[in-house]
1. Please count how many residues of the stretch 191-203 are of a type in the set (Lys, Arg), more than 12 Å from the ligand (Cβ to nearest atom) and open to solvent by less than 10 Å² (accessible area, probe 1.4 Å).
2. Please find, among Asp477, Asp450, the residue that is among the acidic types (Asp, Glu), surrounded by fewer than 19 Cβ atoms within 10 Å (Cβ to Cβ) and either in a helix (DSSP H, G or I) or touching a Ser or Thr at 6+ places or on another chain (Cβ under 9 Å) (or both).
3. Scan the stretch 83-118 for residues that are in contact with a strand residue (DSSP E or B) (Cβ under 8 Å, 6 or more places away or on another chain), closer than 19 Å to Ala9 by Cα and open to solvent by less than 10 Å² (accessible area, probe 1.4 Å) and jot them down.
4. Of these, Glu346, Glu356, which one is more than 25 Å from Pro267 (Cβ to Cβ) and under 21 Å from the mean Cα position of the chain (by Cα)?
5. Checking the conditions here, which among Ala325, Ala308 is out of contact with any strand residue (DSSP E or B) (no Cβ under 9 Å at 6 or more places or on another chain) and more than 16 Å from the ligand (Cβ to nearest atom)?
6. In the stretch 209-219, which residue that is within 11 Å of the ligand (Cβ to nearest atom) and part of a loop (DSSP other than H, G, I, E, B) is nearest to Leu171 (Cα to Cα)?
7. So which residues in the stretch 289-306 are under 26 Å from the mean Cα position of the chain (by Cα) and within 10 Å of Ile264 (Cβ to Cβ), if there are any at all?
8. Give the residue that is farthest from the chain's Cα centre (by Cα), with candidates limited to residues of the stretch 181-207 that are among the polar types (S, T, N, Q) and over 22 Å from Ser135 (Cα atoms).
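The values are calculated or read from the model by the stated rules, or taken from the named source; none is laboratory data. What you see is a predicted model; the values in this text were computed from it and never measured. Please note: Cβ atoms are built from the backbone with ideal geometry, for glycine as well, and neighbour counts cover all protein chains shown. Heavy atoms of the whole protein, side chains included, go into the accessibility calculation; ligands, DNA and RNA do not. Shrake-Rupley method; radii C 1.70, N 1.55, O 1.52, S 1.80 Å.
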Amino acid sequence: MSDLLDLNAVEVRNALDEKAISAVELATAYLGAAEATSNLNNYVELTADHALAMAAVSDKRIAEGTAGLLEGLPIGVKDLFCTKEVSSTACSKILKGFKPPYESTVTSNLWAAGGVMLGKLNCDEFAMGSANETSAYGPAINPWRGKDDVDLVPGGSSGGSASAVAARSALMATGTDTGGSIRQPAAFCGVVGLKPTYGRCSRWGIVAFASSLDQAGPFTRTVADNALMMTAMASHDAKDSTSTQIPLQDLTRAIGDGVKGMKIGVPREYVMDGMDGEVVKLWEQGQVWLRDAGAELVDVSLPHTKYALPAYYIIAPAEASSNLARYDGVRFGMRVDADTLDGMYEATRADGFGEEVQRRIMIGTYVLSAGYYDAYYLKAQKVRRLIKDDFDTVFQSVDALLTPATPTAAFPVGRKIDDPVTNYLNDVFTVPANLAGLPGISVPGGLTSDGLPLGLQVVGRPFDEAAISRVAAVLEDAAGF
Ligand code: GLN
């Protein structure tokens with residue numbers, strides 16, 4: 001059984017096609033693993049009936065020779081994705097009991113490719129957080145423990161996804177990334193996480209946080225598995241007006257191309273206060289690995305980097321406050337009754353939204369209000385453009401950028417929960433790619449002296465997921481994680 005769980009997705013696909021294992025056997029093993037590790041609280045719901053029924057269909061398709069790209073592969077779904085008739089709450093109390101009558105485009109694509117749904121995964125409430133501690137279901141836990149043997153956060157917001165893939169209770173998982181929520185938890189849990197270019201995956205059926213920043217992407221154990229899952233997730237979708245028509249490159253082939261002759265930029269502004277020394281060391285090691293593999297490393301400048309987080313924490317809450325206006329006690333989820341309509345709205349929203357979500361709504365409403373719109377929101381949008389211009393300039397001379405994924409390794413549960421600003425700093429390396437709409441991948445690079453994983457991030461040109469996957473594959477190989 002444990003051998004079965006050790007196989008990565010590419011290996012599982014081969015084993016299924018060779019009929020060495022069956023999809024039902026595999027789904028059963030993963031459901032068992034999820035139950036055995038329920039202390040990690042990374043699943044908020046296991047959908048065993050769905051998993052076994054879907055796996056039986058996969059076995060039939062494999063027998064008939066009509067297997068899809070992900071046929072029989074057990075996948076966990078972040079609770080931010082709407083799954084038909086299956087509870088989808090964005091890990092918020094306000095959506096308790098909400099069972100959408102439709103399926104998100106991304107998950108539809110996964111099931112069409114033969115993927116098997118294991119269940120819904122824990123995340124920060126409405127994807128707001130970096131530690132999976134704002135979830136209405138309580139924190140998800142990182143399977144890595146480090147020297148002190150205390151519970152560590154898996155990162156966030158897609159903490160359940162990263163935790164489950166690392167704990168081998170999901171072979172793959174979906175995530176979403178608005179400011180780092182795929183790449184940061186991937187780094188904290190020692191797995192591979194890709195945020196594709198904005199527009200690459202349809203946002204239809206994904207609970208909206210900040211619509212101009214949100215992107216879905218895959219969590220996997222290896223870069224090759226990531227290429228496979230990304231291929232199935234991406235599609236043009238008429239139901240999302242920001243979804244692209246530009247076809248995805250052949251990632252599964254590109255990852256074998258190496259980095260010989262590629263130019264990789266190292267942005268000097270990413271050396272920051274508060275960065276762990278071991279993170280800096282790994283970053284330097286990553287540069288050596290790429291140089292040894294034939295890439296040319298180039299020192300580059302992204303001068304507006306220091307404004308990325310402040311701009312993000314205006315733009316993201318502004319969009320969130322608008323998106324979350326729909327949770328009014330009438331249309332979705334829970335309601336707290338009151339004597340007047342306004343009273344019902346207020347009571348529902350006060351009880352249904354957690355503290356961090358309320359904080360974002362207040363910031364967002366403030367920066368969009370008549371007196372402050374120009375001073376904050378409009379200014380932040382202008383800064384966003386400058387950040388994008390910085391990237392456009394460097395991508396005239398380099399093919400990709402290498403940076404750390406996070407400033408530190410995973411930290412203990414509860415340590416930063418009362419300190420929102422310190423928590424916001426977790427995303428200092430990941431937020432710029434969201435503001436500029438660029439693809440970024442986090443790949444495990446090594447362990448700290450405490451035995452905790454650290455990630456390297458590769459950021460690429462718009463719609464060039466192939467370049468960053470190539471670089472990630474070389475880093476993965478060199479790191480031998
Ligand atoms: N940690 C960031 C935030 O709290 C990013 C979250 C995300 O990417 N969804 O907003």
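1. Total meeting the criteria: 1.
2. Every option except Asp477 fails the conditions.
3. Correct list: Val106, Thr107, Leu110, Gly115, Val116, Met117, Leu118.
4. Selected residue: Glu356, the only one of Glu346, Glu356 that is more than 25 Å from Pro267 (Cβ to Cβ) and under 21 Å from the mean Cα position of the chain (by Cα).
5. Result: Ala325 is the single residue among Ala325, Ala308 that is out of contact with any strand residue (DSSP E or B) (no Cβ under 9 Å at 6 or more places or on another chain) and more than 16 Å from the ligand (Cβ to nearest atom).
6. Here the answer is Asp214.
7. Leu290
8. Result: Ser202.
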